[in-house]
1. Quick one: work out the % antiparallel among DSSP beta bridges in the chain, nearest 5.
2. With a sphere of radius 14 Å drawn around the Cβ of Ala226, what net charge do the other residues whose Cβ falls strictly inside it have (Lys, Arg +1; Asp, Glu -1)?
3. Return, for the Cα atoms of the range 230-271, the radius of gyration and Dmax in Å, separated by a comma.
4. What number comes out for the charge environment of Lys591, summing +1 per Lys or Arg and -1 per Asp or Glu over other residues with Cβ under 15 Å away?
5. Set Lys and Arg Cβ to +1 and Asp and Glu Cβ to -1, take the dipole of the chain about its Cα centre, and tell me which of Thr309, Val237, Gln277 lies farthest positive.
6. Have a look at the DSSP beta bridges in the range 432-538 and tell me what percent are antiparallel, nearest 5.
7. Two decimals, Cα atoms only, Kirkwood Rh: what is Rg/Rh over the chain?
8. Mind putting a number on the dipole of the chain about its Cα centre? Charges go on the C-beta only, +1 for Lys and Arg and -1 for Asp and Glu, and I need it in Debye to the nearest 20.
Amino acid sequence: MSRKNYKEIVLVLITFISFHFSGNSQKTIQNIYGRERLSLNGSWKYIIDPYQMGYLDYRQKPFDESKSGKGGFYDNLTSMENSKAEYNFDFEPTLQVPGDWNSQDERLLFYEGTLWYKRDFTVSLKSDKKYFLHFGAVNYESHVYLNGKKLGVHKGGFTPFQFDVSDKLNDGNNFVVVMVDNTRKKDEVPTINTDWWNYGGITRDVTLVTTPASYIEDYKVQLAKADKDNIEGFIQVKGNNKKENVVLEIPELKIKSTFTTDENGYVKFTFPLKKVQYWSPEMPKLYQVTITSSTDKITDKIGFRTIKTVNKDILLNGKSIFLKGISVHDENPLLGGRLRSEGDMRMILNWAKDLGCNYIRLAHYTHNEAMLRLADEVGLFVWAEVPVYWTISWSNPETYKNAENQLTVGIERDKNRASIAIWSVGNETPISNERNIFMGKLIDKARSLDDTRLIAAALEVDREGYIATVDDALGEKLDLASFNEYGGWYWSEPKELPKYSFDIKFNKPVVISEFGAEAVAGFHGDEDTIWSEEFQELFYIKQLEMLERIDGLRGMTPWILVDFKSPRRQHPIHQNFWNRKGLISETGKKKKAFYILQNYYKYKTIDKK
Ligand code: GCB
């Protein structure tokens with residue numbers, strides 16, 4: 001092998017390894033909504049490409065790994081004359097971004113494969129600025145190209161990523177092309193089997209963020225662990241490479257503190273907080289927090305509260321609370337697609353509020369940053385989760401890295417949101433040694449990143465006779481005894497439920513992460529008629545009767561607020577690709593069981609023994 005060949009192979013290998021997982025996307029900037037920015041939302045041209053014609057040559061080699069790097073759809077050849085190009089974005093239809101593709105084009109409802117997006121934009125460049133191309137989420141794998149050059153690859157359908165494009169933008173016209181592939185794969189996170197729709201596409205905001213050359217990259221301003229009196233946090237300035245003063249202000253609390261960063265732009269701080277109104281679902285008070293560096297300034301709205309557990313109690317700002325919750329997916333049933341706008345998100349949160357909730361489970365993956373900001377504003381606690389769902393490839397180190405990356409990016413993005421009470425590291429995972437190691441590491445990682453919130457996972461129950469036992473070894477490492485149980489639907493009958501009791505091996509607050517039963521809105525019968533609203537109504541009555549007897553019951557998130565789309569739900573009359581466990585139908589109609597839970601929450605208080 002010649003030296004040149006050897007060098008080439010090493011280069012290709014390095015490129016492969018670094019692109020393979022999260023590519024050369026970089027750590028995302030904190031609070032993109034608070035920055036100077038150009039929205040790249042709106043209409044994007046698209047080409048459906050099931051054979052990856054635009055990515056691979058006829059020997060299945062990626063064009064972008066060839067010597068010239070050319071040949072793919074990202075070249076965006078537009079000339080009609082004298083070109084043999086067999087594609088042309090200009091004559092294609094458009095998709096709305098943000099938004100999944102499945103709900104926007106009938107041909108794409110069940111599509112799982114590759115699709116190309118293209119959008120033109122103009123910028124007038126300023127030499128002393130930095131520019132970042134930021135994606136809120138793209139499902140699942142995306143290859144991003146700017147003006148025909150590859151920026152990188154990202155995997156993971158629910159977490160944000162960005163590229164520094166400061167020296168790649170043209171002054172004037174630019175175009176960005178994204179190849180998106182939502183093919184399900186066994187070793188990915190989630191794996192091939194999920195009970196939700198595999199919506200493909202650029203599902204969240206695309207933004208060109210502008211910052212000064214030296215900018216505030218990240219910050220945390222939160223109460224210290226279980227400490228009502230002290231703020232603990234950090235500020236990270238990038239691009240200066242020298243010590244500098246940064247000022248943190250909370251005008252309403254008359255706080256103005258100056259800190260000096262180290263040579264890397266980093267400073268960690270603590271300072272006391274006085275006369276603060278603590279954040280709670282009833283009074284979701286947010287304070288304006290401003291951070292100023294020598295060249296940059298950023299403002300956020302942040303709430304302050306403590307949350308911790310003591311034996312079987314969850315203490316919010318020192319007082320025991322009950323989490324009146326509901327599970328939700330990132331889906332607007334009226335669109336049959338992912339939530340796209342603030343209006344979509346508010347509709348979901350209003351339904352939860354109407355139910356009497358102070359808490360929501362954002363299942364089963366990282367939801368939109370805008371959703372968390374709204375939860376802060378309207379006063380809803382949040383259980384945030386990563387898609388470590390069912391049968392992940394526990395012994396594959398790449399799968400672990402991927403899961404850990406999704407967890408990390410989610411925590412980094414939302415660490416300033418008072419609404420987030422719980423980080424969940426997974427759902428209904430089958431117990432095995434490999435799984436315990438995998439999830440044990442995720443728990444440790446979550447704690448190392450954020451020790452101010454609770455760590456949980458949705459575990460399962462074992463049954464023998466009328467006893468349901470919870471003794472998953474993972475429970476030892478978690479802050480809550482949380483589990484899904486489907487008594488009255490997947491096992492037993494609603495009427496039988498009050499005979500059951502729970503044997504929970506952990507002296508921890510019990511928060512039931514799921515229970516539920518299907519009902520078709522508008523279908524009526526007696527309480528024994530499966531799929532009827534009456535069946536689901538009785539099911540809720542009996543469930544609540546059963547759960548009320550659990551010592552240490554401190555909350556629940558029944559499954560689920562609204563009917564949602566799932567390829568696993570095939571019944572042609574009752575389901576038609578909808579999971580019908582919603583308390584609200586896909587057209588927004590409340591089912592009878594909605595009112596049972598609403599009534600329960602209305603009167604639910606904690607009986608202190
Ligand atoms: C579960 C899963 C959830 C499903 C639900 C169901 O346990 O966590 O994702 O949708 O059951 O409806 O079966």
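1. 75
2. Around Ala226, the surrounding residues sum to 0.
3. Radius of gyration, then largest Cα-Cα span, for the range 230-271: 10.9, 32 Å.
4. -3
5. Of the candidates, Val237 comes out farthest on the positive side.
6. The answer is about 20 percent antiparallel.
7. 0.98
8. Result for the chain is approximately 1580 debye, rounded to the nearest 20.
Coordinate-derived values only; no laboratory data. Everything numeric here is computed off the predicted structure, so don't read it as measured data. Neighbour counts run over all protein chains shown; Cβ positions are idealised from the backbone, glycine included.
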